[in-house]
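Trainee: Please find one structure pasted underneath; my questions will follow.
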Amino acid sequence: MHLQESGEMYLETIYILSKKSSSVRSIDVGEYMGYSKPSVSRAVGILKKGGYVVMDKDGYLSLTDSGLEIANKIYERHTTLTEFLVRLGVDKDTAVEDACKMEHDISDETFEALKRHAHKYADKQHL
């Protein structure tokens with residue numbers, strides 16, 4: 001099952017929230033993303049059906065291995081692209097916003113090339 005951008009955003013949000021607290025509920029996800037309870041409930045249902053998220057009896061969400069893999073990938077793209085854009089001179093808020101748009105559409109090949117370039121440039125800065 002291929003996830004849409006919104007599904008990736010939900011997984012990334014659950015990942016970010018789980019780094020801050022071991023207990024993440026749908027309400028936390030909705031507050032973080034600014035989405036209504038019904039929207040979050042529907043999305044979580046789709047993610048559960050797809051095997052990306054599990055919910056325990058108390059309503060706490062956890063990422064499955066496949067959910068965590070996607071969330072890690074999107075989070076790495078987001079942070080790397082944001083940092084890259086900021087280094088290019090883009091305002092931090094704009095960089096965060098643009099990275100969020102780019103992270104879902106950029107190919108693995110292009111992202112890896114950008115990462116290599118950013119590391120090469122960072123290494124030269126530290127000489």
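The values are calculated or read from the model by the stated rules, or taken from the named source; none is laboratory data. Small disclaimer: the values here were computed from a predicted structure and weren't measured. Using ideal geometry, Cβ is built from the backbone for each residue, glycine included, and neighbour counts are taken over all protein chains shown. Accessible surface is based on the protein model in full, side chains and every heavy atom, while ligands, DNA and RNA are left aside. Shrake-Rupley method; radii C 1.70, N 1.55, O 1.52, S 1.80 Å.
Trainee: Can you go through Leu88, Leu81 and tell me which one is exposed (fewer than 15 other Cβ atoms within 10 Å of the Cβ), of a type outside the set (D, E, K, R) and closer than 29 Å to Tyr121 by Cβ?
Mentor: Step by step, each of Leu88, Leu81 is checked, and only Leu88 is exposed (fewer than 15 other Cβ atoms within 10 Å of the Cβ), of a type outside the set (D, E, K, R) and closer than 29 Å to Tyr121 by Cβ.
Trainee: Further, regarding this structure: Identify the single condition in (1) closer than 23 Å to Ser18 by Cβ; (2) part of a helix (DSSP H, G or I); (3) in contact with an Asp or Glu (Cβ under 9 Å, 6 or more places away or on another chain) that His104 does not satisfy, given that it satisfies every other one.
Mentor: (2)
Trainee: To continue, here is another question. Could you say which residue among Arg77, Arg87, Arg42, Arg116 is closer than 20 Å to Ser18 by Cβ and among the basic types (Lys, Arg)?
Mentor: Exactly one residue qualifies, and that residue is Arg77.
Trainee: Go over the candidates Ser36, Ser62 one by one and state the one that is among the hydroxyl-bearing types (Ser, Thr, Tyr), open to solvent by less than 70 Å² (accessible area, probe 1.4 Å), touching a helix residue (DSSP H, G or I) at 6+ places or on another chain (Cβ under 8 Å) and free of Cβ contacts under 8 Å to residues at least 24 places away in the same chain.
Mentor: Ser36
Trainee: Here is a list: Lys73, Lys115. Which entry is surrounded by 11 or more Cβ atoms within 10 Å (Cβ to Cβ) and more than 16 Å from Thr13 (Cβ to Cβ)? Write out each step before concluding.
Mentor: Numbers: Lys73 fails: more than 16 Å from Thr13 (Cβ to Cβ).
The conditions single out Lys115.
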